[in-house]
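The values are calculated or read from the model by the stated rules, or taken from the named source; none is laboratory data. It should be emphasised that the depicted structure is a prediction, and the values quoted were computed from it without experimental measurement. We place every Cβ from the backbone using ideal geometry, glycine too, and count neighbours over all the protein chains shown. Each accessible area value is taken on the protein alone, full model and side chains, heavy atoms only, with ligands, DNA and RNA left out. Shrake-Rupley method; radii C 1.70, N 1.55, O 1.52, S 1.80 Å.
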Amino acid sequence: MAALTEQIALTRTGSPARKKPGGLGDQIFRAASYTSALLVLFVLFGILASIAYGGWPAFREFGPGFITSTSWNIGREQYGALVAIIGTLASAVLALLIGVPLSLGIAVYLTQLCPGWARKPVAMTVELLASVPSIIYGMWGLFVFAPLFARFVQMPVSHLVEGLPIVGTLFYASVPSGVGILTAGIILAIMIVPFVASITRDMLDQIPTVLRESAYGIGCTTWEVVRHVLVPQASVSIIGAVMLGLGRALGETMAVTFVIGNANRLSASVFDPGSTIASRIANEFNEADGLQLNSLMALGCILFVITFIVLIIARLLVRRAKVA
Amino acid sequence: MDAVNTLRASAPPLKASRVRSGRRVADRVLVVASTLATLLGILVLGSILLMLIIEGVKGFSPLLFTEPTPGPGSEGGGIANAILGSLVLTTLGILVATPVGVMAGTYLAEYGRHSKVADLIRFLNDILLSAPSILIGLFVYTLMVKPMGSYSGWAGAVALAIIATPVIVRTTEDMLRLVPATLREAGAALGAPPSKVITSITWRGASAGIVTGIILALARIAGETAPLLFTALNNNSWFSANLMGGIPNLPVMIYQFALSPYPNWQQLAWAGALLITVTILALSIVARFVIKSERAR
């Protein structure tokens, strides 16, 4: 008791025992967190700067013709990006054409049709598709999907359309091996489905139940509720989610490298092998040097510009989408 | 006249029934299509797992965990060096990414809620989150591999850290924002400086969420292949503590062995694929349960 009073007396007489908030440790902590946050900025600009630096010799050597040239000849040191750019865009667009309807279907099923007990397990299964590594998708695509695709789609369809105008070139496989632009598009579609579906589902869930109930109340069918109430409400976010999926499809590397066939050829048929920017970099980078290495870096630069424009649009549309 | 009358009498119900059947068809089509889409998603996951189990179990043996990868054309062998290398690379990656990510997330949630710089960083972090990992590989190649003259484990770890950081930043910020402001005010009212409030109140309140973010980041980088191709690469040697050379790791090993002409290499690739997929799916499921228990609390 005496000790306690003594202590109180001591604190009374001395300067305030409490340190002023905002001391040195506090400032260090704040500075550390600020530096960490700035590191994110640094990394993003570092990526752009390093790729632009590496690709600069190729841009200087070939000029704007780099983008419009279709040649990729290692022996003669002639490099052009057009085949890879078109392959990248074509496979990504095919992925959207296939993947977006699937994702919307899954989102509608999960929010409108699924019985309550099944909702969580089904949603989790679809989301687990997102965590499967892309190299596994590549192996699945090459060893499981491609043989089936060649046998049951490429061969019959090629027979059917042979000699017909337009579809005869678009869907004709000269060598029905199962790999090609369309196969890559299908695998990419499967890979973007979990992202687009889970963002769309979250957006649909956020729409006030009252809106949905009143639509059902005046006798709307599920289709009408989805078409006239839910989709208009969530359309901006859904487009954002689709753009996010597009960003993933454009830059996806390993899965595409397995199934696209890796040919430097501009073909009118979606069954023919091609290559994307990412698959070409993955394929050739380790053996490349000199101008070839610079050209691959320049390809990376083009990929950077394309994906970042898409991702910026996506993020502006869905300001706060889910993580990964 | 008579005919017109009958027409009038019969027309409305006819029209109505046509509309009704059209509506019913549209509705049925939607129900069937969206159910099929969901079934397809489940089927694909099932088929991937089935493929991995059928092909992977064939190659499973204790030797997998004790023997290093064999050279071209030689028999037998395991993937022990690749497993160890992957563990080292992901551990190093997470060890670098965790403090940076948590601190950056803390800045965004605690200090920079209304600042322009924080808005910009938040936006760019979200973009980095979905940036193609191959570009990060090219960045680290230019930054580290080229100046140092060889592929190295350090470069691989840095590439993985760069991929993991945005995930951790994002989840940390989201989780810190869920901590009620009253808790912070209570801490500040007791005289705690901001750093003390953050470390002993908000971090503690959001700990389960932050851990979830780290597990998610771990799951994300464990299977990354593309950036490791240009940084850590691979070799068949037994794992050494020297991270200056190429480091054997599971993803690149799977990539190289799966496309090789040797049956025993392919077998090892399947076993590695099964191992890595099961690990990652388990991590993702664990992350879900951690966050669920947090929400229930």
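The listed residues are B:ILE94, B:ILE83, B:ILE54, B:ILE79, and the only one of them that is surrounded by 11 or more Cβ atoms within 10 Å (Cβ to Cβ), under 30 Å from A:GLU127 (Cα atoms) and modelled with pLDDT of 90 or more turns out to be B:ILE94. For B:THR35, indicate whether it is touching a Gly at 6+ places or on another chain (Cβ under 9 Å), more than 30 Å from B:ILE198 (Cα to Cα) and either open to solvent by less than 40 Å² (accessible area, probe 1.4 Å) or at pLDDT 90 or above (or both). When the stated conditions are applied, B:THR35 passes them.
Among the residues of segment A:266-293, just one is surrounded by 22 or more Cβ atoms within 10 Å (Cβ to Cβ), touching a Leu at 6+ places or on another chain (Cβ under 9 Å), within 27 Å of A:VAL157 (Cα to Cα) and small (Gly, Ala, Ser), namely A:GLY274.
Is it true that B:LYS146 is open to solvent by 50 Å² or more (accessible area, probe 1.4 Å), among the basic types (Lys, Arg) and either touching a strand residue (DSSP E or B) at 6+ places or on another chain (Cβ under 6 Å) or over 21 Å from B:GLY105 (Cα atoms) (or both)? Yes, satisfied.
Against the definition (more than 10 Å from every other protein chain (Cβ to nearest Cβ), open to solvent by 50 Å² or more (accessible area, probe 1.4 Å) and touching a residue at least 24 places away in the same chain (Cβ under 8 Å)), how does B:VAL179 come out, yes or no? The answer is no for B:VAL179.
Taking the stated definitions as given, is B:VAL158 in contact with a Gly (Cβ under 9 Å, 6 or more places away or on another chain), modelled with pLDDT of 90 or more, more than 7 Å from chain A (Cβ to nearest Cβ) and open to solvent by 10 Å² or more (accessible area, probe 1.4 Å)? Working first, answer last.
Working: in contact with a Gly (Cβ under 9 Å, 6 or more places away or on another chain): yes; modelled with pLDDT of 90 or more: yes; more than 7 Å from chain A (Cβ to nearest Cβ): yes; open to solvent by 10 Å² or more (accessible area, probe 1.4 Å): yes.
In short, yes.
From the list B:GLY41, B:GLY22, B:GLY59, the one residue that fits, being at pLDDT below 85, of a type outside the set (Val, Ile, Thr) and surrounded by 15 or more Cβ atoms within 10 Å (Cβ to Cβ), is B:GLY59.
B:PRO166 meets all of the listed conditions (1) farther than 18 Å from A:ALA278 by Cβ; (2) open to solvent by less than 40 Å² (accessible area, probe 1.4 Å); (3) free of Cβ contacts under 8 Å to residues at least 24 places away in the same chain but one, namely (3). Residue count for segment B:87-110 under the criterion of being at the interface with chain A (Cβ under 10 Å from one of its Cβ atoms) and touching a residue at least 24 places away in the same chain (Cβ under 8 Å): the result is 9.
With the structure loaded, tell me whether A:ILE106 is open to solvent by 20 Å² or more (accessible area, probe 1.4 Å) and either within 30 Å of B:GLU55 (Cα to Cα) or free of Cβ contacts under 8 Å to residues at least 24 places away in the same chain (or both) or whether it fails that test.
No; evaluated as a whole, the condition is false for this residue.
If you check A:GLN112, A:GLN154, which single one turns out to be open to solvent by less than 30 Å² (accessible area, probe 1.4 Å), part of a helix (DSSP H, G or I) and in contact (Cβ under 8 Å) with a residue 60 or more places away in the chain? Being open to solvent by less than 30 Å² (accessible area, probe 1.4 Å), part of a helix (DSSP H, G or I) and in contact (Cβ under 8 Å) with a residue 60 or more places away in the chain holds for just one of A:GLN112, A:GLN154, which is A:GLN154.
Selection within segment B:117-142: residues that are of a type in the set (Gly, Ala, Ser) and in contact with a helix residue (DSSP H, G or I) (Cβ under 6 Å, 6 or more places away or on another chain). The member of this set that is modelled with the lowest pLDDT is B:SER130. Applying the set (1) more than 24 Å from B:LEU216 (Cβ to Cβ); (2) touching a helix residue (DSSP H, G or I) at 6+ places or on another chain (Cβ under 8 Å); (3) away from every other protein chain (no Cβ under 14 Å) to B:HIS114 leaves exactly one unmet item: (2).
For segment A:171-187, the criterion of being closer than 17 Å to A:LEU110 by Cα, open to solvent by less than 40 Å² (accessible area, probe 1.4 Å) and among the polar types (S, T, N, Q) is satisfied by no residue at all.
Being in contact (Cβ under 8 Å) with a residue 40 or more places away in the chain, outside any helix (DSSP H, G or I), more than 10 Å from every other protein chain (Cβ to nearest Cβ) and of a type in the set (A, V, I, L, M) holds for only one residue in A:VAL242, A:VAL270, A:VAL236, and it is A:VAL270.
Considering segment A:115-147, and only residues there that are closer than 25 Å to B:ALA164 by Cα and not in a helix (DSSP H, G or I), the residue that is nearest to the other protein chains (Cβ to nearest Cβ) turns out to be A:PRO133.
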